[in-house]
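The values are calculated or read from the model by the stated rules, or taken from the named source; none is laboratory data. Just so we're clear, the structure is a prediction, and the values are computed from it rather than from any experiment. So basically every Cβ, Gly included, is an ideal-geometry build from the backbone, and we count neighbours across all protein chains shown.
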Amino acid sequence: MSVRPSWVSQWESCFERGSFPEARQLQEKVLEARTRLLGEEHPETLLANGNLASTIHQQGDPSRAQTLHEQVLNGRRKVLGNDHHATLETRLSLAETLKHQGELLEARKQGELAYEGLKRALGEEHLQTLQAAHNLAGTLLRMKDLPAARSLMERLVAG
């Protein structure tokens with residue numbers, strides 16, 4: 001039972017180079033194999049689906065990426081629970097996708113849930129928590145909620 005490690009490393013290489021069409025083809029192969037071998041709700045299958053969502057988002061199809069992120073979020077909530085860091089990271093990805101589509105209220109909600117959850121799960125100074133705070137501040141700025149964005153960033157700097 002193996003998904004070819006070369007597919008995964010090739011996908012990572014393509015994604016980092018910005019070769020998103022090739023990355024998408026490889027990620028679709030990984031997802032198909034993991035689904036067949038491990039099942040739809042296995043954490044590794046959910047990871048592959050999340051990676052595909054990120055690739056699709058980078059290709060300029062945030063609507064499809066949103067659908068995939070929502071599927072991954074639902075699967076991770078079911079399998080890992082609401083407070084697992086992987087679930088929260090998926091929520092963070094969903095928030096960013098929503099922000100790029102202009103769905104700022106829902107992006108804020110998802111961003112706040114991700115940030116607060118990551119603070120509890122990983123701590124305030126963990127890189128992923130700081131990334132969530134940065135992303136949330138960006139959403140707040142796009143919403144023109146400058147006081148909330150400033151307050152959040154000041155809390156981070158004060159540490």
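The helices (runs of 4 or more DSSP H) located wholly in the range 82-159 that include 3 or more residues which are within 18 Å of the chain's Cα centre (by Cα) and either of a type in the set (S, T, Y) or farther than 24 Å from N49 by Cβ (or both) occupy 85-100, 104-122, 127-142. Suppose the filter is among the charged types (D, E, K, R), buried (at least 16 other Cβ atoms within 10 Å of the Cβ) and assigned to a helix (DSSP H, G or I); does R34 pass it? Yes.
Looking across the range 46-92 at every residue that is buried (at least 23 other Cβ atoms within 10 Å of the Cβ) and among the hydroxyl-bearing types (S, T, Y), the one that is farthest from L105 (Cα to Cα) is identified as T55. Identify the residue in the range 128-157 that is of a type in the set (S, T, Y) and surrounded by 18 or more Cβ atoms within 10 Å (Cβ to Cβ) and, among all such residues, is nearest to L104 (Cα to Cα). The qualifying residue nearest to L104 (Cα to Cα) is T139. Taking the criterion of being under 20 Å from E12 (Cβ atoms) and at pLDDT 95 or above, would at least one residue in the range 107-118 satisfy it? Within the range 107-118, not a single residue is under 20 Å from E12 (Cβ atoms) and at pLDDT 95 or above.
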